[in-house]
Structure formats: structure tokens, C-alpha cells
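Below is one structure, written out as C-alpha cells, with a few remarks after it.
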Amino acid sequence: MYLKISKFVAFLTLLSIFTTNSVFAQKRSSADTERKINALIAKMTLAEKLGQLQQIDGDFPTGAARPEQFEMVRKGTLGSTLNVRGAKNVNELQRAAMESRLKIPHLFAFDVIHGYRTIFPVPLGEAASFDLKAAELSAYIAAKESRAAGVAWTFAPMVDIARDPRWGRIVEGAGEDTYLGSQFAWARVRGFQGTDYSQPDRVLACAKHWVAYGAAQAGRDYSTTDISENTLYNVYFPPFKAAKDAGVDTFMSSFNDLNGIPASANRWTLTEVLRNQWKFDGFVVSDYTSVMELIPHGFAKDEADAAQLALNAGVDMEMVSRFYNQNGEQLLKNKKLTVATIDEAVRRILRVKYRLGLFDKPYIDESLEAKTLLTPEHRKAAREIAAKSFVLLKNDNQTLPLRKNIKELAIIGGLADSKEDVLGSWNGDGKVPDAVTLLEGVKNKLGNNTKIRYVKGCDAKCEDTSEFDKAVDAAKDSDFTILVVGESAAMSGEASSRSNIDLPGRQLDLIKAVAATKKPYAVVLMNGRPLTINWVAENSPAILETWFAGTEAGNAIADVLFGDANPGGKLPVTFPRSVGQIPIFYNMMNTGRPFDASNKYSSKYLDIANTPLYPFGYGLSYTSFALSNIRLSSTQIAPNGSLNVSVDVHNTGSREGAEVVQLYIRDLVGSVTRPVKELKGFERVELRAGEKRTVTFTLKPEQLGFYNAQNKFVVEPGDFKVWVGQSSVDGLESSFTVK
Ligand code: NOJ
């Protein structure tokens, strides 16, 4: 039986229909609140003001505040902590804040990236669902659990566009595409914040990392970025703008150097774009010690210089390093800082504390935490969303799904038995024992009717091959083998870049050894980035990409392997054939010499095709779909007009399933060159066997325009191509003209 969407999901779907309209944007501050804030600022000493600009780290493992933090909070010289969490810990420190002279509530932050206690798929995996309701729901559940545990502010979503799979943090975002990334940014902010983040089941979100952090040179974390302003506007800014439009009230300034001005001291991005152009009135927090790091960047000569550069540029709150506090007074005396600048930063932070409702309700109800975390409902949602995130990369001769009455099954690979790895990187307050492994999931599904032979073979590093023979024997003795390979969770995420994105260690040899038995098998991948798996793609009969699927990973994988759920995910990022092709993404420019097999002097490699191993938007299903009858409501529109593109989608196979119908356009001639294809719409459609439905997309000026050479958003007259397809490399084609 196909897993039915739970009532809870349906409720959320309804809820969001009523909240996605922009008239329901996050509540803004009233003139009265602004007056209160100004009155409070007028009472504050310099030390108290600088205290509001400071965030420091609690004890990560326990979630407790440190003795120094109690002292500072009581004195009114610390406004925020990160990693202090748990209802009791939070209320304890908040009591200290209420004992301070001005009783300004403390703000508790934590990295809730893909779940607080109930862990959902890593964000890249969740993006593969192409399901915005799923993203909104997982963020909502994460918010509900976080707030119950006292966390009012999450450092999420990460909305960095990432086109380099060597970069380990590609796992934390929605992948390579600006449109998809913007849609997920919006959905995730809405999931976290709703339309009023003072509610007890919502948290304040943070769009990070502002900006261009995902474009680190050579894919090495923290590395420099050098990107034209026009590319920033067209590619890297839009997901942040979408987050802003969804009501996000904090941004995090990134670690990277951007065009020679580090992002954490970049007045153009922090003030000109964010505040002046976008009218953002929340606050910016530095990424960890990024204020301090202005010194090794070679941008600030000392600590005081770093403080004034960051604060004057628009970084309001300093995380971990304490240069604002240590140098503020001196900087004022030396006229390197003004009181007005400090006051404005304080004002922005207090404004958000007001919007959080902390002044009215500083404490949280301690009875909520235990009842809210990891409920069966949350686990159920995690399981459904995980199944939606899987991408079936290959399935020759319907190798999958497997029959549940299979007699003997081999499961090979250390990742099949690892609770830790399925939780992925940045797993909030997730607990390893909560996680369901693939092995457990399959056992849960099959009960005692199947003999399961589990052999580790090797772990994700796969340096030791001593168990390979045992693995081969298990495969030989069984009717089918599930081979689980990929990366450990620690191989992606922060500070986890790789120069080689093959399967680590000797894993490919393990696959080849199992393949040599000639017995049937399927490869299940767990990984946080695209991998170069050419041999597997060529030779293995079936490949299921499961990313790091979270607490319910094993049950969700078993649902898909045994056909209780049908995979419908699509790649949110290109899988290259070789690291030599990087950066490789579908929406590239055409060049003056696009590839032409008959022309030596066309854009290509001598040793490898230009094409990826698996393209953006690609993914198979256990059923089959056909698209037909593309039609446009009009073939000529005005620059401010819009048009509908419709297509019929038909489930031509024999089981229920989901297809992600994707709309791409190409603006054929532009005053700045335009990509060969750009995603501008998608819809994940669930269809019963034989069912046919019409999907209609509306192309509006927002989708048809781009930022021109003056970085002004324009829809230019001219011809457009439009495709509706099942990936970025296929589709029905049509065209229209903007006149
Ligand atoms: C550094 C990371 O870059 C950022 O994403 C995170 O939110 C902060 N540390 C706080 O943990």
C-alpha cells in the first residue's frame, strides 16, 4: 500500500494555503513598539548596549549556560547565547536576565538545520523532494520542538547556492539552482516562523550565509569568492531575497572574502543591498568569529579595527569573538564609531526580541518540552518526508522494488548499520539511539520471514578489506543483496570539503566483488553531495540515492525498497562524471562556441564529455509518466504580462507515484547573456496508475526577467523558448515572444 499523507500533513497543507499569501507577512513593529525601544535605548549604558550586540557560546554537549554567562546576563552585558537549550537551562539563564537592571530578555539561538530532536533529511536531500509543503512541514516541526526546548532562534535556513560538490556544505542547502533555492528558502522560513514567530510553536529564522559563501574557490570551505555583481544579483542573492520576502528577520554574515571585501565587513551587501534596497529591518549576526577573522583576511589591522569595520558595515551582533565589547568605548572616543551606529544595531536587535514576544513572555512552559519532542506524529512526518527525498537513479529491469516474501537477503555495508550517519551533519539535538538504521528498517518491514545476512564489509572510509570475502559469501548465499555505500555524515558539512568525490576508500572494490557473484543486487547511496559514481552508474542494476535521511531513515528506505512508497525525488544538483568538470550546473551560459562534435574548436574536453553523469532534475520512479500536449495561453505577451503553460501528465505505469513536472525557459537574446535553460516552475504531482492530470504554470514578469548590466530587474522584449519536462535535459518544447 502506498503511504498515505498523514492527516497532520494535510492540516499543514491547509494551514499554509492560508499563510502563503503575502498579506499574512510577519507582523511588523507598531509605532508604539518603536517608541518603547527608543525609550529603552535612552536608559541603557554603553556597556548594556554593547552587551546586546554580543552573543557567546554555551556548553554544546549539555546545553547549559556557563557561569560567566550568568554573571554577564545579570549585569545586562550579554544579550544572546548559542547552544544553550533545554527548557530548564533556558529558563535559568532567562531568570538572570530578569534580575538585570533593565530586564531585557535573553535570546537563545541554536543550529536547527534539519530538525531539533526529530531529524529530517539533510536539506539537500529534502530539496530533492521538490516538495515545498514537505520543507515547510519539517521546518514547522523543527520550530515546534525547538521552541518547546527554549530555543527561539535557529541559524537556518542556509540558502547558499552551491555549484561545487567538493564543498562539504552543499549538504546544508537546496543545491545549485536559484529558482529551486528561492522556493525552498521561502518555504523553510515560513515553516520556521509562520506569520508570527512569537507563537509558542515557531522560531525566528536566519538566512545564511550572506553572501556567496557557497562559491568558495576550489570548493574549499571558508575560501575566497570572486563573483561579479551581476551574478550576485542573478544567481546568489535571490534565495536571500525570497527569505526576506517570507519574513526572515535575521541574516548571518559569511566567512568568505567577497570581491576583496570580506562579507562580514562588506557595507555594500550588508547595508546598501540589505537595508537600503531590500528595506530589511531585522538584524545581522556575524558567523561565529567572522569579525575576528577580518584580521587574518588582511582587511583589519587589529581587533579594534575589525570591530569598527564590521559594525559600521552593518553586522549588528558579534558571535563568539568580543571585539565590539572590548573596543567599543575606545572606538567611540576615537570617533571611529558613533553612538547612532551602536544605537541602531541595538534597536534592530531589540525590535526582533519584541517581535519574538520575549518582553511579554520571557519564560517558556517547561511542561511542553517532553510532550513535544519526537512524538509519533513527528516521526511519521520524518518518515514520509524522507521517502519523498530519495532519488531513484537507475532501475534496470525493475530490479526494485523487492518482494516482501524474499527468502534470503544480504545487506552489506557499514552505513547500513550506522545510527550516527543517517542523522547527517548539523543534527540539532538529535540523539543517535533514536535513529533507525537501514538494517533495522528492513527487519521492521520483513519480520522473521526472511533470513537476513548482514555483513559490514567495511565502514565509509573503507580502508580495511578484510571482510570483503565474507560479504561476497553472503551475497552468493542470498537471493538478493542490498549494498549500502557512500560517505559518513562527517564527510560533508562544515570544514568537510573533498578534492575527490568518488566513493571513499575501497568501496568500489567491494561493489565490484559483489557484482562479480552475478547475483542480483541494488546499491543504496548515503551521502551529502554528488558523487562521481561512473562505474556504478554503468554496471550496477539499481541505484537509490537516500542522502542522510534522518531519524526515520531506515524505515523510509525500507518503505521504498519494498514498494510501500514509490521514489519520486529529483536531483537538486548535477552529478558530474569527474571533478575536472566542476563547476558543472545545468543553467550555464552557452559560450560563443557551444559544443559541436564536428568542430574541434568548440567548447569541450579532450578526455571527457561535457554532459553530467546525472543531470539536475533527474530521477526515476517505479511507475512511468508521459507528458503531452504542451500549450500556451498566448504566444505573445507584454513585458508586464503573464502567460500560462499547461501540459498533461499521465501515469502510464501500473502503480501510484509522483512525478515532478518541471518548467524551464530560455531567453534567447539578452542585454546580458542568459543561461541555456532556467527552471521557472515545478510541481510534484501524485498520480494513481493510469491517472492523467493537467498541470498549469504561470510565467510572470518575476520569472521572465533578470538583472541587467546596471543590476536593474528587467523583462526584455524578445523570443523565449519554454520546455516542460521530467528533468533539465528532456521535455516538450514551445516558444513565445515578449513584445
Ligand atoms: C559556523 C557556521 O558557519 C554557521 O553556519 C553556524 O550557524 C555557526 N557556526 C553557529 O554554530
Checking ALA307 against (1) open to solvent by less than 20 Å² (accessible area, probe 1.4 Å); (2) more than 15 Å from the ligand (Cβ to nearest atom); (3) more than 19 Å from THR77 (Cα to Cα), the condition it does not meet: (3)
Filter result for the condition that a residue is among the aliphatic types (A, V, I, L, M) and over 25 Å from VAL112 (Cβ atoms), over VAL273, VAL248, VAL211, VAL203: VAL273
Residues of segment 477-489 satisfying the condition of being assigned to a helix (DSSP H, G or I) and open to solvent by less than 60 Å² (accessible area, probe 1.4 Å): ALA489
Some residue of segment 79-86 being surrounded by fewer than 24 Cβ atoms within 10 Å (Cβ to Cβ) and part of a helix (DSSP H, G or I): no
Which listed residue is of a type in the set (Asp, Glu), in contact with a Leu (Cβ under 8 Å, 6 or more places away or on another chain) and closer than 30 Å to THR546 by Cα, from GLU683, GLU691, GLU678, GLU656: GLU656
ILE56, sole failed condition from (1) more than 19 Å from VAL203 (Cβ to Cβ); (2) within 16 Å of the ligand (Cβ to nearest atom); (3) under 17 Å from the mean Cα position of the chain (by Cα); (4) not in a loop (DSSP other than H, G, I, E, B): (3)
Residues satisfying the stated conditions in segment 401-422, i.e. assigned to a loop (DSSP other than H, G, I, E, B) and touching a strand residue (DSSP E or B) at 6+ places or on another chain (Cβ under 8 Å): LEU402, ILE406, LYS407, GLY413
Odd one out for PHE299, checked against (1) under 14 Å from ALA313 (Cα atoms); (2) open to solvent by less than 10 Å² (accessible area, probe 1.4 Å); (3) not small (Gly, Ala, Ser): (2)
Exclusive hit being at pLDDT 95 or above, under 29 Å from VAL660 (Cβ atoms) and surrounded by fewer than 20 Cβ atoms within 10 Å (Cβ to Cβ), set THR375, THR399: THR399
Residues within segment 423-475 that are surrounded by 15 or more Cβ atoms within 10 Å (Cβ to Cβ), part of a loop (DSSP other than H, G, I, E, B) and acidic (Asp, Glu), tallied: 3
Residues located in segment 250-268, provided they are surrounded by fewer than 24 Cβ atoms within 10 Å (Cβ to Cβ) and either within 14 Å of the ligand (Cβ to nearest atom) or under 23 Å from the mean Cα position of the chain (by Cα) (or both): PHE255
Some residue of segment 642-653 being among the hydrophobic types (A, V, I, L, M, F, W, C), at pLDDT 95 or above, surrounded by 15 or more Cβ atoms within 10 Å (Cβ to Cβ) and farther than 21 Å from PHE130 by Cβ: yes
Within segment 490-512, considering residues that are outside any loop (DSSP other than H, G, I, E, B) and either within 16 Å of the ligand (Cβ to nearest atom) or without any contact (Cβ under 8 Å) to a residue 40 or more places away in the chain (or both), the one farthest from the chain's Cα centre (by Cα): LYS512
Hey, ALA689 assigned to a loop (DSSP other than H, G, I, E, B), over 30 Å from the mean Cα position of the chain (by Cα) and of a type in the set (A, V, I, L, M, F, W, C) or not: yes
Qualifying position, being part of a helix (DSSP H, G or I), open to solvent by less than 30 Å² (accessible area, probe 1.4 Å), touching a Gly at 6+ places or on another chain (Cβ under 6 Å) and at pLDDT 95 or above, among LEU93, LEU50: LEU50
Filter result (assigned to a helix (DSSP H, G or I), among the basic types (Lys, Arg) and over 27 Å from the mean Cα position of the chain (by Cα)) within segment 352-374: LYS371
Cβ pairs under 9 Å, 6+ apart, first in segment 727-739 and part of a strand (DSSP E or B), second of a type in the set (S, T, N, Q) and open to solvent by less than 50 Å² (accessible area, probe 1.4 Å): LEU732/SER628; PHE736/SER634
Residue within segment 667-676 that is more than 18 Å from ASN590 (Cα to Cα), at pLDDT 95 or above and in a strand (DSSP E or B) present: no
Spans of helices (runs of 4 or more DSSP H) in segment 119-237 with at least 1 residues open to solvent by less than 10 Å² (accessible area, probe 1.4 Å), within 16 Å of the ligand (Cβ to nearest atom) and β-branched (Val, Ile, Thr): 178-193
Odd one out for LYS103 among (1) within 16 Å of the ligand (Cβ to nearest atom); (2) open to solvent by 10 Å² or more (accessible area, probe 1.4 Å): (1)
Counted residues, segment 278-304 - those being of a type in the set (S, T, N, Q) and away from the ligand (no atom under 16 Å from the Cβ): 0
Tabulated pairs, segment 306-328, first within 14 Å of LEU294 (Cβ to Cβ), second open to solvent by 10 Å² or more (accessible area, probe 1.4 Å) and of a type in the set (Phe, Trp, Tyr), C-beta under 7 angstrom, 6+ apart or interchain: ALA306/PHE323; ALA307/PHE323; LEU309/PHE299; MET319/TYR288; VAL320/TYR288
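The values are calculated or read from the model by the stated rules, or taken from the named source; none is laboratory data. No experiment lies behind these values; they were computed from the predicted model shown. FYI the Cβ positions are ideal-geometry reconstructions off the backbone, even for glycines, and counts take in every protein chain you see. The area values use the complete protein model at the heavy-atom level, side chains included, leaving out ligands, DNA and RNA. Shrake-Rupley method; radii C 1.70, N 1.55, O 1.52, S 1.80 Å.
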